[in-house]
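Undergrad: Once you've had a glance at the structure underneath, I'll fire off some questions.
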Amino acid sequence: MSTLSASTVDLPTSRGPMRVHLFAPGGAGRVPAVIFYSEIFQVTGPIRRTAQSLCGEGYLVAVPEVYHEFEAPGSVLGYDTAGAERGNALKYTKELASYDEDTDVLVRFLTGHPQGNGRVASFGVCLGGHLATRAGLHRKLAASAAFYPTDLHTATLGAGKRDDTLARLGEARSPFFFVFGRQDPHVPLEGRRRIQARLEEVGAEYEWHEFNAQHAFLRDEGPRHDPALERVSLGLLLRFLAERLRAD
C-alpha cells in the first residue's frame, strides 16, 4: 500500500496557470496542509525529496513553481552557474503582487481541498524562506517556517528590488519559525540581527535557531549539505508544525 501519492495541478492566476506539485499522504482522514516554497531552482530533486519526507509525516504538501509566468510548466533550473543566474534574475523580475497572488491562490486551494482539514502553514528554503515568511502575513495562515530566507533583511525581493515583508511583520497573526546557518554569506550576522530586531519590535511570536552551517545546508546534493543538521532542524520543524497545526 502506498504511503503517499504525487500529482500536479495547474491553478489559475491572473498571470497564467501555476503548476503545483501535490504530495498527499495515504489513508483516510483530513490532514493539515503545508505550502512548501522552493529555492530559485524550482522543484528539483532535493525539493521533491523534502516534500515527500514532510508528506510522510502526515501533511498535504503543495510545492508551487514560483516562476510559472516565465518558465514552461515542469521547468527545473540546474544547480549550476546558468541555473543560478536565471533563477536570481527571475526573482527580481517577478512582481511582488504576483508572489502574493500565488500565495492567496494556494491558500484558497488548500483550505478547500477534500483531504485538508482547513489548517495551512508555509515553509520555505532560500528564496522560499522569504516567500514563506511573507505568506505568514496572509490572514488564513496558521504558521510560517523559513530556512535561511534570502533578501529578507535587505528588503530587495521582486521587481524593483523593494519589498515590504519586514515592514509588515506586525500584521502577521501566525507564529514564525526561523533557521539560519552562521556561515551563510546570504544572511550574515548583521542581516540576522536586523530580522530578529524587527520581530522583537513588533512583538511577533517566533522561534529562532542558528547552526554552524552554510547556506542551503538542507539541500541533499552538493558539498554544503549537512545530514546531521538536516535531521535536527527538520525535527524541530516537525515539532513546530505539530504544535501549530494539530492542536485542538
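The values are calculated or read from the model by the stated rules, or taken from the named source; none is laboratory data. Here the structure is a predicted model, which means the values were calculated and not measured. Because the Cβ atoms are built from the backbone with ideal geometry, glycine has one as well, and the counts that use them run over all protein chains shown.
Undergrad: For region 91-110, does any single residue satisfy the condition of being outside any helix (DSSP H, G or I) and hydrophobic (A, V, I, L, M, F, W, C)?
TA: Kept after step one, since they are outside any helix (DSSP H, G or I), are these residues of region 91-110: 92-95.
Then keep just the ones that are hydrophobic (A, V, I, L, M, F, W, C); that gives none.
For region 91-110, residues outside any helix (DSSP H, G or I) and hydrophobic (A, V, I, L, M, F, W, C): absent.
Undergrad: Do we find a residue being aromatic (F, W, Y), over 17 Å from R194 (Cβ atoms) and more than 17 Å from the chain's Cα centre (by Cα) anywhere in region 91-100?
TA: We begin by selecting, within region 91-100, every residue aromatic (F, W, Y); these are 92, 99.
Checking the rest, the ones that are also over 17 Å from R194 (Cβ atoms) come to 92, 99.
Right, trim to more than 17 Å from the chain's Cα centre (by Cα) and you get 92.
Checked against the condition, which is being aromatic (F, W, Y), over 17 Å from R194 (Cβ atoms) and more than 17 Å from the chain's Cα centre (by Cα), region 91-100 yields at least one hit.
Undergrad: Restricting attention to region 116-142, which residues are buried (at least 24 other Cβ atoms within 10 Å of the Cβ) and outside any helix (DSSP H, G or I)?
TA: V120, A121, S122, F123, G124, V125, C126, G136
Undergrad: Write out, first by first residue and then by second, each pair whose Cβ atoms fall under 7 Å of each other, whose residues are 6+ apart or on separate chains, and whose first residue, in region 67-93, is free of Cβ contacts under 8 Å to residues at least 40 places away in the same chain and over 20 Å from D163 (Cα atoms) while the second is buried (at least 16 other Cβ atoms within 10 Å of the Cβ) and of a type in the set (G, A, S).
TA: Hits for this filter: L77/G83; L77/G87.
Undergrad: Does any residue of region 175-188 turn out to be among the aliphatic types (A, V, I, L, M), modelled with pLDDT of 95 or more and farther than 15 Å from A62 by Cβ?
TA: Going residue by residue through region 175-188, those that are among the aliphatic types (A, V, I, L, M) are 179, 187.
Checking which are modelled with pLDDT of 95 or more leaves us with 179, 187.
Then keep just the ones that are farther than 15 Å from A62 by Cβ; that gives 179, 187.
The answer is yes, given that some residue of region 175-188 is among the aliphatic types (A, V, I, L, M), modelled with pLDDT of 95 or more and farther than 15 Å from A62 by Cβ.
Undergrad: Between Y99, Y92, Y148, which is modelled with pLDDT of 95 or more, closer than 17 Å to V63 by Cβ and in contact with a helix residue (DSSP H, G or I) (Cβ under 7 Å, 6 or more places away or on another chain)?
TA: Working: Y92 fails: closer than 17 Å to V63 by Cβ; Y148 fails: closer than 17 Å to V63 by Cβ.
Selected residue: Y99, the only one of Y99, Y92, Y148 that is modelled with pLDDT of 95 or more, closer than 17 Å to V63 by Cβ and in contact with a helix residue (DSSP H, G or I) (Cβ under 7 Å, 6 or more places away or on another chain).
Let's see how each residue does on (1) within 14 Å of the chain's Cα centre (by Cα); (2) among the hydrophobic types (A, V, I, L, M, F, W, C):
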residue	(1), (2)
A6	no, yes
Y37	yes, no
E69	no, no
V76	no, yes
D102	yes, no
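Undergrad: What is the one condition in (1) outside any strand (DSSP E or B); (2) β-branched (V, I, T); (3) within 18 Å of D10 (Cβ to Cβ) that V63 does not satisfy?
TA: V63 satisfies every listed condition except (1).
Undergrad: Count, please, the residues in region 94-115 that happen to be surrounded by 14 or more Cβ atoms within 10 Å (Cβ to Cβ) and either in contact with a strand residue (DSSP E or B) (Cβ under 6 Å, 6 or more places away or on another chain) or in contact (Cβ under 8 Å) with a residue 60 or more places away in the chain (or both).
TA: 14
Undergrad: Sticking with this structure for a sec: Just one of the numbered conditions (1) in contact (Cβ under 8 Å) with a residue 60 or more places away in the chain; (2) part of a loop (DSSP other than H, G, I, E, B); (3) out of contact with any Asp or Glu (no Cβ under 9 Å at 6 or more places or on another chain) is not true of L54; which one?
TA: Tallying (1) in contact (Cβ under 8 Å) with a residue 60 or more places away in the chain; (2) part of a loop (DSSP other than H, G, I, E, B); (3) out of contact with any Asp or Glu (no Cβ under 9 Å at 6 or more places or on another chain), L54 fails exactly one: (2).
Undergrad: For L152, are the conditions met, namely being of a type outside the set (G, A, S), surrounded by fewer than 24 Cβ atoms within 10 Å (Cβ to Cβ), touching a Gly at 6+ places or on another chain (Cβ under 9 Å) and not in a helix (DSSP H, G or I)? Talk me through it step by step, then tell me what you get.
TA: On the way: of a type outside the set (G, A, S): yes; surrounded by fewer than 24 Cβ atoms within 10 Å (Cβ to Cβ): no; touching a Gly at 6+ places or on another chain (Cβ under 9 Å): yes; not in a helix (DSSP H, G or I): yes.
In short, no.
Undergrad: Checking the conditions here, which among I35, I40 is touching a Ser or Thr at 6+ places or on another chain (Cβ under 6 Å), within 21 Å of F217 (Cα to Cα) and of a type outside the set (D, E)? If you could, list the steps in order and put the result at the bottom.
TA: Numbers: I40 fails: touching a Ser or Thr at 6+ places or on another chain (Cβ under 6 Å).
Exactly one of I35, I40 is touching a Ser or Thr at 6+ places or on another chain (Cβ under 6 Å), within 21 Å of F217 (Cα to Cα) and of a type outside the set (D, E), namely I35.
Undergrad: A follow-up question, please. Give D226, D151 a once-over and let me know the one that is on the phi > 0 side of the Ramachandran plot and in contact (Cβ under 8 Å) with a residue 12 or more places away in the chain.
TA: Answer to the check: D151.
Undergrad: Moving on to the next point. Which of the residues belonging to region 189-234 are touching a helix residue (DSSP H, G or I) at 6+ places or on another chain (Cβ under 6 Å) and either part of a helix (DSSP H, G or I) or of a type in the set (S, T, N, Q) (or both)?
TA: R198
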